[in-house]
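Asker: Could you have a look at this structure, given as structure tokens, before my questions?
Rule-based calculations on the coordinates, nothing more; no lab input. Keep in mind that this is a model prediction, so the values were computed, not measured. No Cβ is skipped: glycine too gets one built from the backbone with ideal geometry, and neighbour counts run over all protein chains shown.
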Amino acid sequence: MTIPSTQNPKNKLTQAQQQWLAKVDAIIEERLGDSTFVVAHIAMELYTSERQFYRKLKKITQKTPNQYIQEARIQRARRLLQSGYRADLNGLARAVGYKRADYFSNVYQDYYGTRPIEEINRNKKR
């Protein structure tokens, strides 16, 4: 599973970098719905310092860890909506690790150009 897209296509990464990024993706995917999940958790699970983790992820993806996690959350929200998610906006925001639905909605709109509530309403009409 690929979480956020990288500017370096995976085929240009070394095998070691691909494996490392796969571990990062698995850790993020497992904890994505947890609003208390932070970069320190990933670094700890990889047995590295936060600074080392930051440098390595930035080198491979050209994204900061927070950008990478946020993109993963937004992509999961998109997948949920595309699969017919019909609950409310607060539930969707919590499902992908946001405490505040208004902030989640703004971030989602920045990525996709539409508010998630519009997609939820379309799903309810189906």
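Asker: Compute the long axis of helix 15-31 from its Cα atoms, compare it with the longest principal axis of the Cα atoms of the chain, and write down the angle in degrees, 0 to 90, nearest 10.
Answerer: Approximately 40 degrees, to the nearest 10.
Asker: With viscosity set to 1.002 mPa s at 20 °C, what whole-number translational diffusion coefficient in µm²/s follows for the stretch 13-70 from Stokes-Einstein and a Kirkwood radius over Cα pairs?
Answerer: Using the Kirkwood radius from Cα pairs, D works out to 187 µm²/s.
Asker: Can you tell me the orientation of helix 50-61 relative to the chain, as the angle in degrees between its alpha-carbon axis and the longest Cα principal axis, to the nearest 10?
Answerer: 80
Asker: Moving on to the next point. Nearest 10 degrees is fine. How inclined is helix 101-112 to the longest principal axis of the chain, computing both from alpha carbons?
Answerer: It works out to around 70 degrees.
Asker: Please find the FRET efficiency linking Asp110 to Gln62, where r is the Cβ-Cβ separation and R0 is fixed at 22 Å, and quote it to the nearest 0.05.
Answerer: Efficiency computed from Cβ-Cβ geometry: 0.75.
Asker: Also, I was wondering about something else. Normalising by the residue count of the chain, find the relative contact order in percent from Cα pairs under 8 Å and 6+ residues apart.
Answerer: 26
Asker: Arranged by the count of other C-beta atoms within 10 angstrom, fewest first, what order do Thr64, Thr14 take? Mind showing how you got there, number by number?
Answerer: Details: Thr64 13, Thr14 9.
Lowest count first: Thr14, Thr64.
Asker: In this model, which of Lys58/Lys99; Lys12/Lys58; Lys63/Lys99; Lys56/Lys99; Lys23/Lys59; Lys59/Lys99 are farther than 18 Å apart at the alpha-carbon?
Answerer: In this structure, Lys58/Lys99; Lys63/Lys99; Lys56/Lys99; Lys59/Lys99 exceed 18 Å between Cα atoms.
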